[in-house]
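Supplied in structure tokens, the structure appears directly below.
Laboratory data are not the source of any read-out in this text; all were calculated from the coordinates shown. What you see is a predicted model; the values in this text were computed from it and never measured. Every residue, glycine as well, gets a Cβ built from its backbone with ideal geometry; the counts of neighbours run over all protein chains shown.
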Amino acid sequence: DAGVIQSPRHEVTEMGQEVTLRCKPISGHNSLFWYRQTMMRGLELLIYFNNNVPIDDSGMPEDRFSAKMPNASFSTLKIQPSEPRDSAVYFCASSLTGITGELFFGEGSRLTVL
Amino acid sequence: SQELEQSPQSLIVQEGKNLTINCTSSKTLYGLYWYKQKYGEGLIFLMMLQKGGEEKSHEKITAKLDEKKQQSSLHITASQPSHAGIYLCGADGRTGANNLFFGTGTRLTVIP
């Protein structure tokens, strides 16, 4: 079975450019999460969706970050404009509501902003 | 806000040795989850603990949650190189939506 699929796996961009990260959750899962991982701050929850609706975006660092989930099989995390401090590994995870605590993570998108 | 502190931050052990990783919460935990992350990969779910005093085992890994539900430990018996990685404990935000927040992580290296 296919797991959570993220793209791109690696992205290098220059400061000020727009970055779009993509995620395809596991089919049938109704919750989707975006996390960011850095050495300094560890793994941080940015936003999560339930049934395609954003539930809590309090972890989104600032207005430069936005996330959408137009349908049950696709989500994007956009950074515009990007800054060097956005460099991190961004993970997408999905789960089935009611199955407590078991998130299925993608392999991550490593973003480097020069 | 609730925080999860893990210790040690990193651990280097010889293959075959036992080891313990700890996770401490500033508040009572309603659910405690252990995940493992291999270098350069996503997290993989290991175990979930919900009841005070609960203990679960899978192969050579045992996780416990104390009676007060503020501390958990992960114990690996007879470590192997395949156990190497980053171990993270997580707790839920009590919304029922699996919005987990995670501890600082423990990086485990097992020397053959």
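Need one number for chain B: average projected area of the convex hull over its C-alpha atoms, nm². Don't skip to the answer; put the middle values down first.
Numbers: hull surface 26.4 nm².
Answer in nm², one decimal: 6.6.
Take the Cα atoms of the range B:30-91, find their three principal axes, and give me the spread along each one in whole Å, biggest first.
33, 24, 14
Whole number please: convex hull volume per residue of the Cα set in the range A:61-112, in Å³?
Working: hull volume 5.5 nm³, N = 52.
Output value, Cα hull per residue: 107 Å³.
A follow-up question, please. Could you grab the relative contact order for the range A:20-114? Cα pairs under 8 Å, six or more apart, rounded to a whole percent. Numbers along the way, then the final one.
Details: 198 pairs, mean separation 30.1, N = 95.
Value for the range A:20-114: 32 percent.
Using a Gaussian network for chain B with springs between C-alpha atoms less than 10 Å apart, which of these wobbles most: B:Ser57, B:Ser73, B:Ser82?
B:Ser82
Just report the Cα centroid separation between the range A:1-71 and the range B:11-79, whole Å.
26
For each of B:Thr106, A:Thr20, count neighbouring Cβ atoms within 10 Å of the residue's Cβ, then give the residues from fewest to most. Before the final figure, lay out each step's value.
Details: B:Thr106 22, A:Thr20 15.
Result, fewest neighbours first: A:Thr20, B:Thr106.
Turning to a different aspect of this structure: For every other residue with a beta carbon closer than 14 angstrom to the beta carbon of B:Ala84, add +1 if it is Lys or Arg and -1 if Asp or Glu, then tell me the sum. Numbers along the way, then the final one.
Numbers: positive: B:Lys17, B:Lys36, B:Lys38, B:Lys60, B:Arg107; negative: B:Glu15, B:Glu41.
Once positives and negatives cancel, what remains is +3.
Rounded to a whole number of µm²/s, how large is the Stokes-Einstein D of chain A at 37 °C and 0.692 mPa s, given Rh as the Kirkwood radius over C-alpha pairs? Please list the in-between numbers first.
Working: Rh = 14.0 Å.
Answer from the Stokes-Einstein relation: 235 µm²/s.
Rank B:Thr28, B:Thr62, B:Thr20 by mean-square fluctuation in a GNM of chain B with C-alpha springs under 10 angstrom and give only the top-ranked residue.
Comparing B:Thr28, B:Thr62, B:Thr20 in the GNM, the peak value goes to B:Thr28.
What is the dipole size for the range A:1-96, taken about its Cα centre, with +1 at each Lys and Arg Cβ and -1 at each Asp and Glu Cβ, in debye to the nearest 20? Intermediate results must be reported in sequence, preceding the final value.
On the way: 9 positive and 11 negative charges, 44 e Å.
Once rounded to the nearest 20, the dipole reads 220 debye.
Further, regarding this structure: Count charges around A:Ile47 for me, please; just the other residues with Cβ under 14 Å from its Cβ, Lys/Arg as +1, Asp/Glu as -1. The partial results should precede the final answer.
Working: positive: A:Arg36, A:Arg64, A:Lys68, A:Lys78; negative: A:Glu44, A:Asp56, A:Asp57, A:Glu62, A:Asp63.
Combined, the nearby Lys, Arg, Asp and Glu give -1.
How big, on average over all directions, is the shadow cast by the Cα convex hull of the range A:14-72, in nm²?
Working: hull surface 19.6 nm².
So the Cα hull casts an average projection of 4.9 nm².
Once you keep just the Cα pairs under 8 angstrom separated by 6 or more residues, what percentage relative contact order results for chain B?
Working: 284 pairs, mean separation 39.3, N = 112.
RCO, chain B: 35 percent.
Also, quick follow-up: Inverting the mean 1/r over all pairs of different Cα atoms, compute the Kirkwood radius of the protein assembly as shown and quote it in Å.
18.0
Would you look at the GNM of chain B, springs on alpha carbons closer than 10 Å, and say which of B:Glu54, B:Glu41, B:Glu15 moves the most?
Maximum among the listed residues: B:Glu41.
Restricting the count to DSSP beta bridges whose residues both fall in the protein assembly as shown, what percent are antiparallel, rounded to a multiple of 5?
Details: 73 of 82 bridges.
Around 90 percent antiparallel, to the nearest 5.
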